[in-house]
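Take a look at the structure set out below.
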Amino acid sequence: MNREQDVRERKGSFFTPQIWVELSQRYIAETLGDNWQDEYYVWDCAAGTGNLLTGLTNKYNVWASTLDKADVEVMKDRIQNGANLLESHVFQFDFLNDSFSKLPKGLQDIINDPDERKRLVVYINPPYAEGGSSKQMRGSGEYKTGVERNKTHDKYHAKLAGANRELFAQFLIRVFYEIPACKIANFSKLKNLSGAHFKMFRDNFKAKLEKLFVCPANTFDNVNGQFPIGFFIWNTGIEEHFTSIEADVFNGRGDFLGVKRIVSYDYSSYFSNWVNSFKVKSELIIGWLEGITRNDFQHNNIIFIVNSKSQIAVPRGITICLENLIECCVCFAVRKVIPADWLNDRDQFLYPNDSWKADEEFQNDCLAYTLFNNNIRSQYGVNHWIPFTERELNACDKFDSHFMISFISGKVIKNRYSNLFEQEEDTVIKKRTFSETAKKVFDAGRELWRYYHTVIASSTGLQGNPVNASLYDIRDYFQGRNDRGKMNIKSDDETYNELMGNLRVALRTLAGKIEPKVFEFGFLSE
């Protein structure tokens, strides 16, 4: 193992793949001109072992500094083996703590000269570590207790506010204030553009974002998370508050995919505020919508519907009842119909405009989508989510609740949902009329439920199989579980597999119908 490999394994270094190094330098050339390497100076103040500087041609204009002495030795070894750097321009320096008076004289002269520093490019892939107490940061390295505490943190704490635990934000803020009018060309996550906790950072870091491309984070060493990494080119000599930019998008092979608009959301109201507007208390609780108070795509995997919040160790959601059922179904559907991926991972869901309230077909599509996507389980209480009558399914016995079929047909009996013919305390509501696309979901679901009741009827009694089965119960019945208790992906029953496949196809089609409305009604910014 050579010295560079040893450093990488020991530190878990965050190396920039060559494909992105080359592309970043091309973007700098497009911004500053083809002769930028002769006309500008370059300082990588988080150089690690110097891989970001590969491909630069004018070694007399390049400086590289790093916190770790072992990294300095690696860079010097690389120089001995042909790396285009000067040993006198490679040095140990703690950027977040050390005074600029410790810099080599040539670099100090540039930073101290107002005209010269306009021609300085701080070209960096700063560390992405975040201070905290958790053992593992989501897909992108480790939280390290106290790692964010340094002189830059203390000096700029008020200007960083919620971003003060992020090391890359500390690098950016020190460069902005202490090397004014320079250019910054950096790799980082997109939190500084869109993160809610970075609003104060954006209010203070007023540089013009000239150019941006994004690529998948998991193309970088030691990163497994599905989120975007951006390459930013900033002009700190132009004061501008970031609001939006059209970023170029590349896949993991370096293929150009198109552009994506990235916005700050600083003047938007978030989805969680909308959710809070329909929190109500009710005598009959039909479910619990969990995880819905989080605003970005990266948390969509923790959004689900169960019987009760008592099933959740630390519940963060909303009670579902008659009074807010439609809102909850809209809430659930708009968060689920668009799959989360690496590119939309940081996109924020927003407080919608009021247009959705007049679109009954959209509301009913969301209801249909939610009815066949929840995690209701009959073992945790009465299942109020069966969207069919016993007669439709040729059920083995009477259901404990007719809430959902009553709601759909336009009549709900408060507190006495088991008998449709009892009239006291009735609440009459509007009958639900479904689109043809939603009807196909109901048709596919009906066949699946009917098959379940046929199968359990043919066994000796119910044998513990619930007549009030939810979709989750039906899946559990046919698919079974492995030795670790996890539900199997498929069943040995091919008829079930076909029926479930039909339902999933119908649901995907319905999701495609709902998706444009998510943007039209402002749940997501286009």
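A short reminder: the numbers here are calculations on the coordinates, not readings from a lab. Everything quoted here is computed from the prediction, not taken from an experiment. As a convention, Cβ positions derive from the backbone with ideal geometry for all residues, glycine included, and neighbour counts pool all protein chains shown.
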Inset, instruction - Find out how many positive minus negative residues lie around Met200, taking Lys and Arg as positive, Asp and Glu as negative, among other residues whose Cβ is under 11 Å from that of Met200. - result: +1
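Report the longest stretch of the chain that contains none of the trypsin sites (Lys or Arg not before Pro) sitting in a DSSP loop with at most 10 other Cβ atoms within 10 Å.
282-429
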Legend entry - Longest DSSP-loop-exposure-free segment, chymotrypsin sites (Phe, Trp or Tyr not before Pro), the chain, at most 10 other Cβ within 10 Å: 1-266
Legend entry - Top positive-direction residue, dipole computed over the chain with Cβ charges, set Leu23, Asn497, Ile405: Ile405
Legend entry - Among Ser277, Val334, Ser355 - extreme Cα towards positive end, dipole of the stretch 271-371, charges at beta-carbon: Ser277
Legend entry - Farthest positive-ward along the chain dipole, Cα basis, beta-carbon charges - from Cys182, Gly225, Asn251: Gly225
Legend entry - Stretch gain in nm, segment Asn84-Glu30, where the contour uses 0.36 nm per residue and the Cα spacing is subtracted: 17.2 nm
Legend entry - About the Cα centre, charge dipole magnitude for the chain (Lys/Arg +1, Asp/Glu -1 at Cβ), debye: 820 debye
Legend entry - Value in Å of the Kirkwood radius, where the stretch 271-371 supplies the Cα pairs that are averaged: 13.9 Å
Inset, instruction - Anything in the chain that counts as a DSSP H helix reaching 18 Å or more along its axis (C-alpha) with Kyte-Doolittle mean of at least 0.0? List them, would you? - result: 18-32
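Averaging the inverse of every distinct alpha carbon separation and then flipping it gives the Kirkwood radius. What is it for the stretch 207-361, in angstrom units?
Working: mean 1/r = 0.0556 Å⁻¹.
Here the Kirkwood hydrodynamic radius works out to 18.0 Å.
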Legend entry - Cα gyration tensor, the stretch 320-377 - rounded (a/c under 1.5), prolate or oblate: oblate
Inset, instruction - Normalise the Debye intensity by I(0) for the stretch 35-94, one equal point scatterer per Cα, no solvent, then take log10 at q = 0.13, 0.15, 0.23 Å⁻¹ and round to two decimals. - result: -0.27, -0.36, -0.84
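What is the extension gain from Glu116 to Val280, computed as 0.36 nm multiplied by their sequence separation minus the C-alpha to C-alpha distance, in nm to one decimal? Don't skip to the answer; put the middle values down first.
Values: separation 164, 0.36 × 164 = 59.04 nm, distance 6.19 nm.
Going from the current span to full extension adds 52.9 nm.
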Legend entry - Karplus-derived HN-Hα couplings along the stretch 228-243 (A = 6.51, B = -1.76, C = 1.60, θ = phi - 60°), whole Hz, x at Gly and Pro: x, 10, x, 10, 10, 10, 10, 10, 6, x, 10, 7, 7, 8, 5, 10
Inset, instruction - Quick one: net charge around Asp248, please, counting Lys, Arg +1 and Asp, Glu -1 for every other residue with C-beta under 10 Å from its C-beta. - result: +1
Inset, instruction - Could you tell me the convex hull volume per residue, in Å³, taken over the Cα atoms of the stretch 30-137? - result: 135 Å³
Inset, instruction - Tell me which label goes with the value of Cα Rg over 2.2 N^0.38 Å computed from the coordinates here: (1) 1.21; (2) 1.30; (3) 1.25. - result: (1)
